[in-house]
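The block underneath contains the structure these notes are about, expressed in structure tokens.
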Amino acid sequence: MTNKNRSMTMLILGSTAVASIAMINKYIQVSATSKNLLECPKSLCYKWRLGNIHYTKTGNGKPLLLIHDLTAISSGYEWEQLIHPLSEYYTVYNIDLLGCGRSEKPNMTYTNYLYVQMISDFIRSMIGRRTDVAACGSASALALMACASNSELFDQLLFINPDSLHTCSQMPGRSAKLYKFILDIPVLGTLIYHISTGKKAIRQMFTEGYFENPFSAKRTMIDAYYEAAHLGGSPKSVYASVTCNYTKCNIVDALKKIDNSIYLLGSSAIDGMEERLEEFKRYNPAIETALLDNGKHLPHLEFPNEVLDMMKTFLYQRSI
């Protein structure tokens, strides 16, 4: 076989492999979103300058904005168990962050600053008054930075299992930038993303980190997170940005600056959580903290009644 023939053969094989992977990627995306579990008849749209934001609005009273954890598989579904009971006291806004869930997912690099602007603009444009905010996990840092930048928009802040200050301050390194470059490759990067956010991987997240009782994770929950991970134009973009630390930011100065009421709820089953909460208080002694007896990273999804009681104690009773 001549060199020319070898080159043609390799080209054909390579093209066939790429086409096959592209077909697999398409099948995964279609099958993952076929159940329409996240479809909501009360869905509203905030037309933000970088993409349309999905949200719902329920109830009457003082506004409360719910912000889900910032991961590629997360969405406002995370708060579904609490929306109805909270709506008895609040006008509850449940939002899907840009790049997540039912919101638009443009192909771009997502940063802490982007989300700070998005949250602030949403409150300013769609709520129009000082707002209580409840956020989970890494989204807590986003809300904190948004409050530090636009304190007039925020009232009380409640964070569930926020990232440690060390985790918040991590920056993209060489290996992270290389990994993001690989993830940005259209076909190969998408395949890596689909493996990382497959149903098996999501089930493992629930059983090992999200829930205290591995048997509490219902199939519907797994399917809803799986669907959220595959909706939209470029779902892998936020995954690449979060995984490679582009959404991280040192929040210590903001923590010192804020004089809003801040409440931290931490799950006692998470190693080092008590020390993590105390670390926040060292920089802002006015912060109030409490440990939840049940649950891990998503106690508001696994044990909503216990979290609801805490939210009533910290937020509602102090608003009247």
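Overview of values
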| item | result |
| --- | --- |
| Pair residue 170, residue 60: separation of 7 Å Cα→Cβ label points (nm) | 4.6 nm |
| Exposure of residue 84 as accessible area (Å², to 10), given a probe of 1.4 Å and all protein chains | 130 Å² |
| Projected area averaged over orientations for the chain, convex hull of C-alpha atoms, nm² | 17.9 nm² |
| Fraction of accessible area attributable to carbon and sulfur, segment 226-307 (%, probe 1.4 Å) | 43 percent |
| Kyte-Doolittle mean at least -0.5, axial Cα span of 24 Å or more - DSSP H helices of the chain | 3-32 |
| Spread of Cα-to-Cα distances over 10 Å intervals beginning at zero, given as percent, for segment 178-267 | 14, 32, 30, 22, 3 |
| Relative contact order (%) - the chain, alpha-carbon pairs under 8 angstrom, separation at least six | 21 percent |
| Phi to ³J(HN,Hα) by Karplus 6.51 cos²θ - 1.76 cosθ + 1.60 over segment 288-299, Hz, x for Gly, Pro | 9, 10, 8, 9, 8, 6, 10, x, 10, 5, 10, x |
| Solvent exposure of the chain as accessible area per residue, Å², 1.4 Å probe | 46 Å² |
| Percentage relative contact order, segment 33-160, counting C-alpha pairs under 8 Å, at least six apart | 26 percent |
| Three-way shape call for segment 263-313 based on the alpha-carbon gyration tensor, with the a/c threshold at 1.5 | oblate |
| Of 257/296; 42/281; 57/177; 62/177; 105/199; 177/218, those spanning more than 31 Å from alpha-carbon to alpha-carbon | 42/281; 57/177; 62/177; 177/218 |
| Candidate aspartates and glutamates - alpha carbon under 16 Å from residue 248, same-chain residues fewer than 8 apart omitted | 69, 163 |
| Label-point separation, residue 45 to residue 313 (7 Å along Cα→Cβ), nm | 4.2 nm |
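The values are calculated or read from the model by the stated rules, or taken from the named source; none is laboratory data. Note that the structure is a prediction, hence the values are computed from the model and not measured. Using ideal geometry, Cβ is built from the backbone for each residue, glycine included, and neighbour counts are taken over all protein chains shown. Only protein heavy atoms, including side chains, enter the accessible area calculation; ligands, DNA and RNA are left aside. Shrake-Rupley method; radii C 1.70, N 1.55, O 1.52, S 1.80 Å.
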